[in-house]
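Every number here is computed from the coordinates shown, using simple stated rules; none is lab data. Treat the numbers as computed from the prediction; the structure is a model and nothing was measured. Positions of Cβ are generated from backbone atoms using ideal geometry, with glycine treated the same way; all protein chains shown enter the neighbour counts.
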Amino acid sequence: MCGSEIRLKDRFCSSCGAQLTQPLQPATRSLLVRPETFSAAGIFMLVLGVLVGVFGYFIGIIPILALGLGSLLLGVIILTLPEPTTSKTDRLIILSSLPSLLDIDALLEDLDIESRGIYIPVSGFGAVPKVLLPIKESTPPLLPRVGLTRSRRVFLTLGRNQNERGILLNPPGGEIVRALENFLQTDLSTMKLDEFATRIGFGFETLNISTRTVEVQVDGTSVTVSVQSISTANLEERLRSEAPRLVAQIGSPITSAIAAAISKVTGKHVRINESNFDGSRLTVALEVLEGVSG
């Protein structure tokens, strides 16, 4: 930043005092075969088997015919194999995170909270927005002050009226936002929305969250994010059936990460209006809120 020399073990610059972070090691490619590679190999072996088998049959050479039938059988086997990497990763995520997410859903039900969570913007590398759910929803929404992201409390009073209360939670996708910043080596709050839209797909793919197909559309205060082939597909489906309040009011881990990231990029409060998942594509509709700050 200031041109001073630093040592590898330094954590702060001796001249300007800026905090230093170690650069990430170059991303390594996974040694495991991707699902789409399995499909391509299966189709190739299937087509090759048919061509070689037909050729061997017409020229009457049994070894070539056998080779074609073997390739055909191998192609069928490859295409019917399960996707090993995705299923193992998804199962581990379900086992480790589902109980706590179900607890949050039960908390919302016990407190009879029907309001949608408001993501509070925050700045700083590694800082993650928090989400606040008002006990009673108001119009226009009473936006929680930005400083609440540093609070360790759960139950808070938002305004002068004692009835204006809410619960403050760490979002389910908070660590995904932190991992995304670590990979990009960028504080999301310093990004413009159009730059974020071009880089989130590459970040999600490298973190094995989804394929690179991520679309971001902005229309005034509305932001729609579409993600193709998320790695937590099974968890997403289970949450929608077993924790519907969590999904609708706070968001699943991926949905929550998107809302938190948009809040940090725009520097404004964000609320999830709707999220849909059809088994292969997750679509999240967000609203950038303009209201009275509490």
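At-a-glance table
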item: Peptide ranges 271-284, 169-182 listed from the most packed, as the mean C-beta count within 10 angstrom indicates; result: 169-182, 271-284
item: Cα centre as origin, Lys/Arg/Asp/Glu Cβ charges: region 195-294 dipole, Debye; result: 220
item: Length added when fully stretched, residue 202-residue 170, from 0.36 nm per residue minus Cα-Cα; result: 9.0 nm
item: Cα gyration tensor, region 183-294 - rounded (a/c under 1.5), prolate or oblate; result: oblate
item: Exposure proxy ranking, count of Cβ atoms within 10 Å, fewest first, for 149, 221; result: 221, 149
item: Estimated inter-spin distance, residue 61 and residue 98, nm [label 7 Å along Cα→Cβ]; result: 5.4
item: Estimated FRET transfer efficiency (residue 242, residue 44; beta-carbon r; R0 45 Å; 0.05); result: 0.65
item: Gyration tensor (alpha-carbon) shape descriptor, region 89-293, a/c threshold 1.5; result: oblate
